[in-house]
Amino acid sequence: MRILLADDDTALRRVLEFKLKKNGFDVTAVADGEEALAQVKVGAFDLLLADIRMPRLTGIELLEKVRTLEPSLKVILMTAYATVPQAVEAVKMGAFDYLTKPFEDEQLLMTIDQALKFKRLEDENQRLKTELGLRSGLNEIIGDSEPVRELKEIITQVAPTDATVLITGESGSGKELVARAIHALSPRSTAQMVAVNCAALPRDLLESELFGHVKGAFTGAAKDKRGKFEIAGGGTLMLDEISELAFDLQAKLLRVIQERIVSPVGSESNREVDVRIIAATNLNLKKRVSEGKFREDLYYRLNVIPIHVPSLRKRSSDIPLLVSHFLSRLAPRTEVRLDAELMSILAKHRWPGNVRELENLIERMVVLRRGDTLTKADLPHDFSIESEKADVQQAVTFHEAEKSLILNALERSNGNRTKAAELLAIPRHVLLYRLKKYGIVAED
Ligand SMILES: Nc1ncnc2c1ncn2[C@@H]1O[C@H](COP(=O)(O)OP(=O)(O)OP(=O)(O)O)[C@@H](O)[C@H]1O
Ligand SMILES: [Mg+2]
């Protein structure tokens, strides 16, 4: 356990340092608050033991800085009798406890012990939360095709950082889902993710939506309003359809990203903001730059970590999984399923509206179904069925689709082959043949 000790009283500091080291702690001792702060910035300490009255930076000021810099660091303040009210105040501000000088060794060690126990609990809590977020965030993204695995991999990598992310992908491909997963897996998940659609509001409204405004800034501004940058404070701000941001607002956004401050509309003052930015677009932003519609400098600021969400037609092997996911959500506790012909039609469809289109289609078919097995006849009239060209690429995709369809049915039937065959609406011997063909081991 690493303890940072700060006291300007040299004699006391030496004694304390000696005692703490004797008790097995790793101690760094400094003589004032400034030095302590410098140490906090570079070293990973578990506990800070600081005197309240120190030159340059007092223990209270140090506490304030440490709270934002290293919130998990436990702080115990030491005080002479005269500064006890201040110490009480410090505990309210987030110090773990205080010790009144002179104190017994036993009292010192007990307080330290409590602080460290508390810290371990907090750390454990944080770890569990992250793990939970890891599961909840990624599990929402259905699919185990190679492109989706890669997507999940990069999400896991970038989530813990504060780096700005630019998500590209066709409409309905899951950009918002990806943004939510990144937020859920990040240390910012305790605060909220706020999403703003830059295409949904006229320029002036969007400006005050993003940056806020003060009372009287324009007709109708009856009171101060906080912008999304402030509301998302401590969390994540998703700027959706960023390509649609008006040119002059792009300049304003650039400033916010560079200087980390916003000034609400009609206000001269600046406010600090602490958000992680995730931008998303279904257009080629680089092309917008070359057309002169998007600022190049902003583009580079946003495109720190580019993430591309693959279109559904590039991962049609995920379709069976997605279908069963939507079925269990849209028709829970029912036996609704798709026959093999319909599934293969879906696997070949081009899906211009991507996962959203698939989700809407399943919903529509579930609502209007005539029986529990959906077939080609349940497709809406305007659904265009792709011709049966036996393209090699499609053949491969079809087998993958068939295999995951079977695996899925087995999972839903808890490995019962007869039941799985029923779910798939195929004879049992056909299923057994397929199991052998794909090398799937399953016993009733
Ligand atoms: N891999 C996936 N697994 C499960 N559901 C998904 C997946 N991808 C997308 N969806 C669902 O599809 C719908 C569309 O996803 P989302 O809103 O994230 O797409 P988008 O790329 O932001 O679309 P747009 O470009 O229109 O804003 C949502 O209901 C989402 O839950
Ligand atoms: Mg979206």
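Of all residues in region 161-195 being within 16 Å of ligand 1 (Cβ to nearest atom) and among the hydroxyl-bearing types (Ser, Thr, Tyr), which is farthest from Leu254 (Cα to Cα)?
Here the answer is Ser173.
Give just the number: which of (1) within 21 Å of Ala191 (Cβ to Cβ); (2) in a helix (DSSP H, G or I) does Lys119 not satisfy?
The single condition Lys119 does not satisfy is (1).
Does at least one position in region 74-86 carry a residue that is within 20 Å of Gln114 (Cα to Cα) and among the charged types (D, E, K, R)? Before you say what the answer is, go through the steps one by one.
Of region 74-86, the ones within 20 Å of Gln114 (Cα to Cα) are 74-79.
With among the charged types (D, E, K, R) added as a condition, the list becomes 74.
Yes, there is a match, as at least one residue in region 74-86 is within 20 Å of Gln114 (Cα to Cα) and among the charged types (D, E, K, R).
Quick check: is even one residue across region 54-70 touching a residue at least 12 places away in the same chain (Cβ under 8 Å), closer than 30 Å to Arg180 by Cα and in contact with a strand residue (DSSP E or B) (Cβ under 7 Å, 6 or more places away or on another chain)?
Quick first cut of region 54-70, residues touching a residue at least 12 places away in the same chain (Cβ under 8 Å) only: 54-67, 69-70.
Still in the running and closer than 30 Å to Arg180 by Cα: 66-67, 69-70.
Adding the requirement that they be in contact with a strand residue (DSSP E or B) (Cβ under 7 Å, 6 or more places away or on another chain) leaves 66.
For region 54-70, residues touching a residue at least 12 places away in the same chain (Cβ under 8 Å), closer than 30 Å to Arg180 by Cα and in contact with a strand residue (DSSP E or B) (Cβ under 7 Å, 6 or more places away or on another chain): present.
Assigned to a helix (DSSP H, G or I), in contact with a strand residue (DSSP E or B) (Cβ under 8 Å, 6 or more places away or on another chain), within 18 Å of Tyr98 (Cβ to Cβ) and touching a residue at least 24 places away in the same chain (Cβ under 8 Å): which single residue out of Leu77, Leu16 fits that description? Even if it seems obvious, please write down each step before you answer.
Numbers: Leu77 fails: assigned to a helix (DSSP H, G or I).
Testing whether each residue is assigned to a helix (DSSP H, G or I), in contact with a strand residue (DSSP E or B) (Cβ under 8 Å, 6 or more places away or on another chain), within 18 Å of Tyr98 (Cβ to Cβ) and touching a residue at least 24 places away in the same chain (Cβ under 8 Å) leaves just Leu16.
For region 135-151, state whether one or more residues are in a helix (DSSP H, G or I) and either more than 30 Å from Ala347 (Cβ to Cβ) or within 14 Å of ligand 2 (Cβ to nearest atom) (or both).
Initially, region 135-151 is screened for residues in a helix (DSSP H, G or I), giving 135-139, 146-151.
Retained after the next criterion (residues that are either more than 30 Å from Ala347 (Cβ to Cβ) or within 14 Å of ligand 2 (Cβ to nearest atom) (or both)): none.
Checking region 135-151: not a single residue is in a helix (DSSP H, G or I) and either more than 30 Å from Ala347 (Cβ to Cβ) or within 14 Å of ligand 2 (Cβ to nearest atom) (or both).
Taking the condition more than 28 Å from Leu185 (Cα to Cα) and not β-branched (Val, Ile, Thr), does Leu128 pass?
Values: more than 28 Å from Leu185 (Cα to Cα): no; not β-branched (Val, Ile, Thr): yes.
When the stated conditions are applied, Leu128 does not pass them.
Within region 302-336, which residues are under 30 Å from Asp248 (Cα atoms) and either among the acidic types (Asp, Glu) or surrounded by 18 or more Cβ atoms within 10 Å (Cβ to Cβ) (or both)?
Taking region 302-336 and keeping what is under 30 Å from Asp248 (Cα atoms), we get 302-309.
Result: Leu302, Ile307, Val309.
Could you please give the count of residues in region 96-153 that are within 16 Å of ligand 1 (Cβ to nearest atom) and in contact with a strand residue (DSSP E or B) (Cβ under 6 Å, 6 or more places away or on another chain)?
Here is the first cut: in region 96-153, the ones within 16 Å of ligand 1 (Cβ to nearest atom) are 135-153.
Those still in the list that are in contact with a strand residue (DSSP E or B) (Cβ under 6 Å, 6 or more places away or on another chain) too: none.
Within region 96-153, residues that are within 16 Å of ligand 1 (Cβ to nearest atom) and in contact with a strand residue (DSSP E or B) (Cβ under 6 Å, 6 or more places away or on another chain) number 0.
Can you name the residue in region 235-259 that is within 16 Å of ligand 1 (Cβ to nearest atom) and out of contact with any strand residue (DSSP E or B) (no Cβ under 7 Å at 6 or more places or on another chain) and is also farthest from Asn284 (Cα to Cα) among such residues? It would help to see each step written out before you state the result.
Pass one, region 235-259, residues within 16 Å of ligand 1 (Cβ to nearest atom): 236-245.
Okay, now just the ones that are also out of contact with any strand residue (DSSP E or B) (no Cβ under 7 Å at 6 or more places or on another chain), so 244-245.
Working: Glu244: 12, Leu245: 14 Å.
Out of the qualifying residues, it is Leu245.
Out of the residues in region 337-362 that are surrounded by fewer than 15 Cβ atoms within 10 Å (Cβ to Cβ) and in contact with a Lys or Arg (Cβ under 9 Å, 6 or more places away or on another chain), state the one that is nearest to Glu386 (Cα to Cα).
Arg350
Determine the pairs where a residue that is without any contact (Cβ under 8 Å) to a residue 40 or more places away in the chain and not assigned by TED's automatic domain parsing to the domain that holds Asn354, located within region 172-194, has a partner that is of a type in the set (Val, Ile, Thr) and within 13 Å of ligand 1 (Cβ to nearest atom) with Cβ atoms under 7 Å apart, the partner being 6 or more residues away or on another chain.
Leu177/Ile141
Checking the structure you have, find out if any residue of region 236-252 is basic (Lys, Arg), assigned by TED's automatic domain parsing to the domain that holds Gly212 and within 21 Å of Val178 (Cα to Cα).
Within region 236-252, the first condition is being basic (Lys, Arg), and the residues that meet it are 252.
From what is left, the residues that are assigned by TED's automatic domain parsing to the domain that holds Gly212 are 252.
Remaining after also requiring within 21 Å of Val178 (Cα to Cα): none.
No - not one qualifying residue is present in region 236-252.
Any chance you could count how many residues in region 396-437 are surrounded by 14 or more Cβ atoms within 10 Å (Cβ to Cβ) and either of a type in the set (S, T, N, Q) or part of a loop (DSSP other than H, G, I, E, B) (or both)?
7
A quick yes/no check of all residues on (1) within 30 Å of Ser324 (Cα to Cα); (2) buried (at least 19 other Cβ atoms within 10 Å of the Cβ); (3) touching a residue at least 24 places away in the same chain (Cβ under 8 Å):
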{"residue": "Gln107", "(1), (2), (3)": "no, no, no"}
{"residue": "Gln114", "(1), (2), (3)": "no, no, no"}
{"residue": "Arg127", "(1), (2), (3)": "no, no, no"}
{"residue": "Glu140", "(1), (2), (3)": "yes, no, yes"}
{"residue": "Asp144", "(1), (2), (3)": "yes, no, yes"}
{"residue": "Ala163", "(1), (2), (3)": "no, no, yes"}
{"residue": "Thr168", "(1), (2), (3)": "yes, yes, yes"}
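Among the residues that make up region 233-244, is at least one of them within 16 Å of ligand 2 (Cβ to nearest atom) and touching a Phe, Trp or Tyr at 6+ places or on another chain (Cβ under 8 Å)?
Residues of region 233-244 within 16 Å of ligand 2 (Cβ to nearest atom): 236-244.
Going one step further and asking which of them are touching a Phe, Trp or Tyr at 6+ places or on another chain (Cβ under 8 Å), we end up with 237, 243.
Yes; the residues of region 233-244 include at least one that is within 16 Å of ligand 2 (Cβ to nearest atom) and touching a Phe, Trp or Tyr at 6+ places or on another chain (Cβ under 8 Å).
May I ask you to list the residues in region 152-181 that are part of a helix (DSSP H, G or I) and within 14 Å of ligand 2 (Cβ to nearest atom)?
Lys175, Glu176, Leu177, Val178, Ala179, Arg180, Ala181
When region 348-373 is examined, which residues are found to be assigned to a helix (DSSP H, G or I) and within 16 Å of ligand 2 (Cβ to nearest atom)?
If we filter region 348-373 for residues that are assigned to a helix (DSSP H, G or I), which is where we start, we get 348, 354-367.
Listed by number, the residues that qualify are Asn354, Val355, Arg356, Glu357, Leu358, Glu359, Asn360.
Determine whether region 218-234 contains at least one residue that is surrounded by 16 or more Cβ atoms within 10 Å (Cβ to Cβ), among the aliphatic types (A, V, I, L, M), within 25 Å of Asp297 (Cα to Cα) and touching a strand residue (DSSP E or B) at 6+ places or on another chain (Cβ under 8 Å).
Yes, some residue in region 218-234 is surrounded by 16 or more Cβ atoms within 10 Å (Cβ to Cβ), among the aliphatic types (A, V, I, L, M), within 25 Å of Asp297 (Cα to Cα) and touching a strand residue (DSSP E or B) at 6+ places or on another chain (Cβ under 8 Å).
If you scan region 374-395, which residues turn out to be part of a helix (DSSP H, G or I) and either modelled with pLDDT of 90 or more or more than 37 Å from the chain's Cα centre (by Cα) (or both)? Steps first, please.
Residues of region 374-395 part of a helix (DSSP H, G or I): 376-378, 392-395.
The answer is Lys376, Ala377, Asp378, Val392.
The values are calculated or read from the model by the stated rules, or taken from the named source; none is laboratory data. Everything quoted here is computed from the prediction, not taken from an experiment. Neighbour counts run over all protein chains shown; Cβ positions are idealised from the backbone, glycine included.
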